[in-house]
1. The range 41-165: D in µm²/s via Stokes-Einstein (Kirkwood Rh, Cα pairs, 4 °C, 1.567 mPa s)?
2. Could you pull the Rg and Dmax for the chain, using just the Cα atoms, both in Å?
3. How big is the range 235-352 by Rg and Dmax over its Cα atoms, in Å?
4. Treating the angle as unsigned and between 0 and 90°, give the value, to the nearest 10°, between the Cα long axis of helix 41-56 and the longest Cα principal axis of the chain.
5. What does the charge dipole of the chain about its Cα centre add up to, to the nearest 20 debye, if the Cβ of each Lys and Arg holds +1 and the Cβ of each Asp and Glu holds -1?
6. For the range 44-88, what is the Kirkwood hydrodynamic radius in Å, using each pair of distinct C-alpha atoms?
7. Of LYS284/LYS333; LYS171/LYS279; LYS171/LYS284; LYS231/LYS338; LYS171/LYS338; LYS171/LYS231, which ones are farther than 28 Å apart at the Cα?
8. Please enumerate, by chain and number, the lysines with C-alpha under 24 Å from the C-alpha of LYS29, excluding those fewer than 8 residues away in the same chain.
Amino acid sequence: MKFLKTAIAASALAIGLSTSASAQEPEFKLVTPLATGEDNYNYQAMQAFRNHVFNKSNGRVDVEIYTGGTLCASGRECFEGMQAGLVDIYQSNFGEPGNLWPAFAGLDLPYMLRDDQVAECVFDDQEFMSSLRRGMLEQTGNIRLMVISNSGGWRNFATTTTPILTPEDVKGMKLRTIPAEIQQELVRQLGGAPTGISWPEVYTSLATGVVEGTKNGITDIVVMNFHEHIKHITLDGHAYMGGTWFINNDKFMAMDEDLRKIVVEGFEIIEQYLRAYPKYHDVKSFQAFVEAGGTIHSLTNEQKAAFREAASGMEDWFTSQDPANQGFLDNYKSAIAKCEASVDALLEAAVQ
């Protein structure tokens, strides 16, 4: 009987230790305030991330995906949730993180990145990305930037009735922007009336005439059925639609190093998938847009230069917002120049 009691006690202790160890295995809450389905590219990327970290860690790391505002209903709420430890992983844009670190919004300055090759080079540059990661951690304490993917191609001007072919066409026009000051300032500098509207309300705002247009990529326009009301899209490509992926640094650093590496690999899968997705799906989206009666307006180099000139005051505006922004901008422009030279050299070698 004494032996039996000892065995039972030992068994209970083993179960307790096992339960304790199991409870310590990291489980990440990945959230998006958007209502996403299986056919949404961001949701597909999230599933790929979860699949990788779960399988490669042999189930030691798991991810719960929350959509539709289950844990947080806006970027501000989601970032606050991260700082409170209620949210572990969040995908944002360039504008929302600027509420935490104003300099970060400089990534949304218009007409800075000329094409996908340069943009991807810049956001793969370890020195530049490390500076972004350090800056965000210094400003927030525990929000860590992991990767910058794409989130819908390139941001263009899209309108319901009157096309935008020159900067003067923007004057007086009510255009939807994300609730980010830097995007609204671009519309102001072109003479338009920016209107910050959250993503779920854009369709209704276009349908009812609250706004006359929006600044979006073609894939998002078609996925969200905005092309039922938008009839013109101008390919000025004023902004790369970056997707910024953040993790709670306290939880990330609490993991063993081998698990941290697996999580980093998972974010690289997100990056690869979301950079490739719009390159293909833009083709189908443009076709759907035209079939619905829309018109695509391509611009000459001279016309694009006119838009860049009209928005040339954006850099001065940005640096006037905070003295630290100048250093950020210098660093950003240096990374761009380095990548432009690198991409040009590769292209030059490829055509010889």
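The values are calculated or read from the model by the stated rules, or taken from the named source; none is laboratory data. Since the model is a prediction, treat every value here as computed from it, not as a measurement. Cβ atoms come from the backbone with ideal geometry, glycine included; neighbour counts cover every protein chain shown. Surface accessibility is based on the protein's heavy atoms, side chains included, excluding ligands, DNA and RNA. Shrake-Rupley method; radii C 1.70, N 1.55, O 1.52, S 1.80 Å.
1. Numbers: Rh = 16.8 Å.
For the chosen part, D equals 77 µm²/s.
2. Rg then Dmax for the chain, in Å: 23.0, 93.
3. Reported Rg and Dmax, both Å: 20.0, 55.
4. Rounded to the nearest ten degrees, it is 30.
5. Working: 28 positive and 45 negative charges, 177 e Å.
Rounded to the nearest 20 debye, it is 860 debye.
6. Values: mean 1/r = 0.0859 Å⁻¹.
11.6 Å is the Kirkwood radius here.
7. Values: LYS284/LYS333 33 Å; LYS171/LYS279 31 Å; LYS171/LYS284 31 Å; LYS231/LYS338 38 Å; LYS171/LYS338 35 Å; LYS171/LYS231 19 Å.
Too far apart for the 28 Å limit: LYS284/LYS333; LYS171/LYS279; LYS171/LYS284; LYS231/LYS338; LYS171/LYS338.
8. LYS56, LYS251, LYS261
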